[in-house]
Structures are given as structure tokens and as C-alpha cells.
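Asks: To start, I am sharing the structure in question, which I have written as C-alpha cells.
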Amino acid sequence: MKDQEMMEKAALDTYDIAILGGGIAGLTLALQIKKARPATSILVVEKQEHPVPESAHKVGESTVEIQAYYLRNMLGLQEHLQTQHLPKYGLRLFFSLDGNRNIARRVELGHAVLPPQRVSTYQLDRGRLENELGRVIHQEGIVFCDGSKVQRIDLQPANEFHRVSILHPDGVREVQARWVVDASGRNTLLQRQLRLAKKVSHHANAVWFRLDYRVDVNQWSNDAAWHERIHEGQRFLSTNHLMGPGYWVWIIPLASGSTSVGIVTDAKMHSFGEMNRFELALNWLHEHEPQCAEDIERHKDELQDFRVMKNYSYGCKQVFSDERWCLIGEAGVSLDPLYSPGGDLMAIANSLVSDLITNALDGEDIEDRAAIHNQLFLLFANSWLSTYERQYPLMGNAQIMTAKVIWDTAVYWAVPGLLYFHDKLRRVADSPSVIIQLARFSVLSEHVQAFFREWLVLAPSGASDAFIKYYDFDFMVRLHIGMTVELPDVELENQFIANVRFLEQLAGQLASVIIETFEHESQDETVQNQVQSWKADPFLAELIALYQQDSHEHPINSGWITLGRQKEYQYQEIAE
Ligand SMILES: Cc1cc2nc3c(=O)[nH]c(=O)nc-3n(C[C@H](O)[C@H](O)[C@H](O)COP(=O)(O)OP(=O)(O)OC[C@H]3O[C@@H](n4cnc5c(N)ncnc54)[C@H](O)[C@@H]3O)c2cc1C
């Protein structure tokens, strides 16, 4: 046996931390902790042998700002991201219209100009990223045991090491560690062992595949005006979503030249049995998204894989414990991929876990810290889940869904985005005002999601020919860039309070505009009953009053609720 191998074998016995699962969550946590506390000894155990395949490895390819910031700024992977992956041109949605045969007429929501570099996001080739992370953590002195399977975890009481049994190509090995972090993804090793699984009432399914070919929505139309809508950047670099009642289809470009395509459906509205093989999925696309299907049909010989996942959403009762175990990534919770929150929840959990464990290893009593971090993480996870639960029917309505996406995005930039970019989440306990605002925001969020559902019952769908740009609305630009301004703590707290107040104003505007529209436009009994019920709701009344009060000084363009109509009106006014 070579010297290095002997040293590794000896070192394999006792660690500060054993991370069980070396997917993106486990690998990044190892790197983060090593950077924060270089003396920490870390073992990562991964079932698959490295290098893993590129292009067709895992889902989780589209990033949003928190995950992108985590990988780029906190882990220092900027160069790798910029040279080995694609820049993402935001989330772009096309809403259903007349059988979906002409993309140029579908209502489109997206960017027309490139967002600033400091809020860049990426389209990740997951295999390529995990291979790089495997290489980097090895270089950093972390023991990376790939091709090895965790067989058993024996959690021990305080002052004793936890024990882990690993099936290695050379046989079974026992290791011990002060901390055990489950990063085994959907295998949920510890969640199952500790019976922490929590059912959710969101039931949705996904199927996806990769093609060794670039699917480019820009090729689907020759309409010059439609092409000219985009001033900078290229549509294909967006995470393009084709939306319909109870479904969305993702189209994500990968740096290898491949494209990832996925169909995600509400389990009650679309039968999983009609799409769980490639030929069936293609038939389903022919029926619902014919332009997409025709493009894929021409290139089906370039199919690289086909995967399915039924009922992918689940919660968890507890994710971090002062008994020296934590669950991260999908070993903890799995929500819904519509806005790509998986990578964000991973970044948030990893940062909280890194804080928890490094403090514990430095000798701090972490009982309170563990409880607070655990509650905070579950608060975000539960709040995000409510943006998906029972909301898939909205996807067939361009106006409501556009308002919802803008609302959800504004919330994301104003609340978790602002706090994460300022490294505030792990320090919320020091700021009672932030905790109060978080609780307030959580109630607000539930109400607005319910309002969207009630609105759907009244509203017809079928809008066409509109292009809504995130940056049409100055508040979107302000919230997006606002994440990155690096405020000192006191100013950050004030900004956070202002952001929550602004969201209340925005919600008040939503309620006010919709109530007024229906009150005057329809005498239908159902409509009028709903209007009366909204008007009698004290929470909505408070939001509307706040909106009216704040709007004198800070008016908001209501085009985000009305498919941009007020914007056109304003332009006319200016032109006149
Ligand atoms: C349909 C769908 C689409 C998605 N799209 C996106 C998206 O666009 N953007 C986004 O951010 N998120 C997305 N997600 C979520 C994203 O996939 C996850 O957040 C992310 O992959 C979780 O990473 P992880 O490291 O926890 O799990 P994984 O990447 O699955 O890693 C777990 C690792 O543990 C290993 N392992 C398991 N059991 C053992 C064992 N016994 N011993 C040793 N090793 C073991 C596995 O081999 C694996 O490598 C999507 C999810 C779904 C379901």
C-alpha cells in the first residue's frame, strides 16, 4: 500500500464531520466548512464513482440568485461557472393560446435586457459541477470516498462519536464522527431512520430527458417583431417555460450543447401514466405543446436519457439538531422546481449548518442556535411550499400567473434574497425586528396565494400578444439590485422592514385593482359574492388602506396585475 493510501486509511477512522452523500449539497457543504474552519476534518461518502457523466446526470440545472451567489461568491467558483456552464437569461414563460402552435402570439414574461452581472445566474451541467467539486474538495484536504455506500448510521448520545458503516469497494469500513450530515438526496437516510418525514398536500409529477441538440424557442417563429422584442441577450439562454393549465414544460440549455426538457404536472390534472415513457411524453407534448413536440420529434435520435419522478414533493419535521445531526439538500425537503428553489434551500441550509457546526466545534453550546436555525429553515421551506400548493391550476391563466410570478419574484428578492446576500439568515436571532417582519410576511404570503386562487374562479383565460418584462416595473429593478448593495446591519434591518411594508402595499394594490375590476365589470352572482367576501375581509381591507396611503407618495404601476395595460396607457399619455 502506498504511503498516501495508508495515511488516508488511517485518517478514515475519526472525523469532525461525516457527510453522507456527495451530490451538490454534500460537496458544497464540505467546501464551505473547510473554508470557514480549515482545521476541520471532513469525510464525504458518495455512492457513485467519480467522474460522473456530464449532460445527463441529475436535475437541478437552473439556478436562481441565492444559489448562484452561494456558488460564485461564497464558495469562490466564479471562474468555473463562467467558463464551464452557461449564463442564464432569467426565467421566461410563455402562456397557452389556441393550441400553442404560434409561440409569437403567446403572452410572454421575461427579460428584454440583461440583468446586471452581480445578480448573474447560471444553467448548470450537474455532472460537470459535481466533478469539479469532487476535485476541489480533494485538493482542500477533505477525504472524498466515492464509489462507497453508507450502510448504517448509529447516532450516539452526547460526548460519544456517531458511527457510520460504509460499504467501500475494498469491503466494509466503520468510521466515527462528531457530527453526521445527511446529504443523501431522495434516499433520505436519516429522515427515514428518525421518522422525520412530513407529508405535504402538494402532489405533482415530473418526467424529463436530455437531447444532444440545442432546442431554441427562437427558431419556432419568423415573426420579426417578436424577435425584436429582445434588446440584449438570447432567448434560448433563459430557462424557458411553456405554461398551461396544471402543467409547465422546462427547456434548459446546457454548456455541452445538450438541452434538458422536462414536463411537470399537477397529479390531479394530468395522468402520469400518459407521460412516463419517452414516446408517451412526446405524444403528450404533441397534444399540449405541438411546436415543442415537432422540434423534439426531428431530433429524437439524439435522446440521451429519460427519467421520471412521481409525487416529488415532501417536507420534514426537523432538519437540524443539537444532538449533532443535520439534513441538507433533498435529504431534508423537496418542494417544487417551478422557480428552482432546490438549490436555494440547499444554499440556505448549508450556510446555517456550517454556522452551527463550526460554532459547536469551537466549543460553543449550540442548543439555542440549533433550534433557531431549524425553525428559520422550516419557516422558509413552508412559506415557499405555499407558492406551489394548489396553485397549478393558475398556470393556464396568463394574467393571473403573470401577476403571481411577478409577486413571487418580488417576494423572493425582497425577503430571502436580501437577507441571504447580506449573510443575515444565520444572525436573525440578534435582530428581533427581522423576526417580527418575517412572521408578518409569512401571514401576508398565505393570504396573497389564497387571493390568486379565488381570482382564478372568476377570471377568463386566453390573453394574447403581450410581452411583460420584469424590468417594466421600477420596484422589480429596485428589489433585484437591492439584494447586492451590501448594507451595514442597521440599514439592512431598516431596508428589510421597508421591503415587507412595500410587499404589503403591493398586495393591497393587487386586491384593490381586482376588486374594482370585478365590481364594475360583472353582475354575475358568483363574482359579486366573491367581491363582497373580499371587501369584508379585514386583512385585505388593511392592505388596501395601506396601499392607498402609501400610493400618494409612491405610486406603483399596476401593469403587473393587468398584463401591462396601464403601461401602454401611460405611454400613450406621454406620447400625447
Ligand atoms: C423534477 C425536478 C427538477 C428540478 N429542477 C431544479 C432546478 O432547475 N434548479 C434547482 O435548483 N433545483 C432543482 N431541483 C431540485 C434539485 O434537484 C435538488 O435541490 C438537488 O439536486 C439536491 O441535491 P442533493 O445533493 O441534496 O441531492 P443529490 O444531488 O441527489 O445528491 C445525493 C447524493 O447522495 C448519494 N447517496 C444516496 N444514498 C447514498 C448512500 N447510501 N451512500 C452514499 N451516497 C449516497 C447519491 O449518489 C447522490 O449523489 C429539481 C428537482 C426535481 C424533482
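The values are calculated or read from the model by the stated rules, or taken from the named source; none is laboratory data. A quick note: this is a predicted structure, and the numbers were derived from the prediction, not measured. Here the Cβ is made from the backbone with ideal geometry for all residues, glycine too, and neighbour counts use every protein chain on show.
Asks: Quick check: is even one residue across the range 253-272 free of Cβ contacts under 8 Å to residues at least 40 places away in the same chain and among the charged types (D, E, K, R)?
Replies: no
Asks: Now a separate question. Does residue 25 count as farther than 30 Å from residue 221 by Cβ and surrounded by fewer than 18 Cβ atoms within 10 Å (Cβ to Cβ)?
Replies: Answer is no for this residue.
Asks: If you check 86, 97, 109, which single one turns out to be under 26 Å from residue 24 (Cβ atoms) and either of a type outside the set (Asp, Glu) or within 13 Å of the ligand (Cβ to nearest atom) (or both)?
Replies: 86
Asks: Given the structure, is residue 453 within 26 Å of residue 378 (Cα to Cα), at pLDDT 95 or above and more than 21 Å from the chain's Cα centre (by Cα)?
Replies: yes
Asks: Would you check which residues across the range 128-176 are farther than 30 Å from residue 253 by Cβ, in contact with a strand residue (DSSP E or B) (Cβ under 7 Å, 6 or more places away or on another chain) and of a type in the set (Gly, Ala, Ser) and list them?
Replies: Listed by number, the residues that qualify are 148, 165.
Asks: Among the residues of the range 253-301, how many are in a strand (DSSP E or B) and in contact with a Gly (Cβ under 8 Å, 6 or more places away or on another chain)?
Replies: Residues in the range 253-301 being in a strand (DSSP E or B) and in contact with a Gly (Cβ under 8 Å, 6 or more places away or on another chain): 2 in total.
Asks: Between a first residue in the range 139-166 that is among the β-branched types (Val, Ile, Thr) and a second residue that is modelled with pLDDT under 95 and surrounded by 13 or more Cβ atoms within 10 Å (Cβ to Cβ), which pairs have beta carbons less than 6 Å apart while being 6 or more apart in sequence or on different chains?
Replies: 166/173
Asks: Pull up the range 182-237, narrow it to residues that are aromatic (Phe, Trp, Tyr) and surrounded by fewer than 21 Cβ atoms within 10 Å (Cβ to Cβ), then point me to the one that is farthest from the ligand (Cβ to nearest atom).
Replies: Looking at the filtered set, the residue picked out is 226.
Asks: Within the range 204-252, count every residue that is part of a strand (DSSP E or B) and among the polar types (S, T, N, Q).
Replies: Counting residues in the range 204-252 that are part of a strand (DSSP E or B) and among the polar types (S, T, N, Q) gives 3.
Asks: Test of understanding: among 362, 336, which residue is modelled with pLDDT of 95 or more and within 16 Å of the ligand (Cβ to nearest atom)?
Replies: 336
Asks: Something else now. Taking the condition assigned by TED's automatic domain parsing to the domain that holds residue 435, at pLDDT below 95 and among the hydroxyl-bearing types (Ser, Thr, Tyr), does residue 512 pass?
Replies: So residue 512 fails the test.
Asks: Please work out if residue 342 is within 26 Å of residue 64 (Cβ to Cβ), within 16 Å of the ligand (Cβ to nearest atom) and touching a Cys at 6+ places or on another chain (Cβ under 6 Å).
Replies: For residue 342, the condition - within 26 Å of residue 64 (Cβ to Cβ), within 16 Å of the ligand (Cβ to nearest atom) and touching a Cys at 6+ places or on another chain (Cβ under 6 Å) - is not met.
Asks: Here's something else I'd like to know. Among (1) touching a strand residue (DSSP E or B) at 6+ places or on another chain (Cβ under 9 Å); (2) on the phi > 0 side of the Ramachandran plot, which single condition is residue 98 missing?
Replies: Only one criterion in (1) touching a strand residue (DSSP E or B) at 6+ places or on another chain (Cβ under 9 Å); (2) on the phi > 0 side of the Ramachandran plot is unmet by residue 98, namely (1).
Asks: Further question on the same structure: Six or more apart or on different chains, Cβ under 6 Å: which pairs go from a residue in the range 392-409 that's surrounded by 24 or more Cβ atoms within 10 Å (Cβ to Cβ) to one that's of a type in the set (D, E, K, R) and outside any helix (DSSP H, G or I)? Could you list them?
Replies: Final answer for the pair search is 392/266.
Asks: Do any residues in the range 366-389 that are at positive phi have Cβ atoms under 6 Å from those of residues that are surrounded by fewer than 20 Cβ atoms within 10 Å (Cβ to Cβ), where the two are at least six apart or on different chains, and which pairs are they?
Replies: Close Cβ pairs (under 6 Å, with a partner that is surrounded by fewer than 20 Cβ atoms within 10 Å (Cβ to Cβ)) do not exist here.
Asks: Could you count how many residues in the range 44-60 are away from the ligand (no atom under 11 Å from the Cβ) and touching a Leu at 6+ places or on another chain (Cβ under 7 Å)?
Replies: 1
Table: residues versus (1) part of a helix (DSSP H, G or I); (2) among the aliphatic types (A, V, I, L, M); (3) within 15 Å of the ligand (Cβ to nearest atom).
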| site | (1), (2), (3) |
| --- | --- |
| 79 | yes, no, no |
| 92 | no, no, yes |
| 129 | yes, yes, yes |
| 134 | yes, no, yes |
| 138 | yes, no, no |
| 144 | no, no, yes |
| 153 | no, yes, yes |
| 157 | no, no, no |
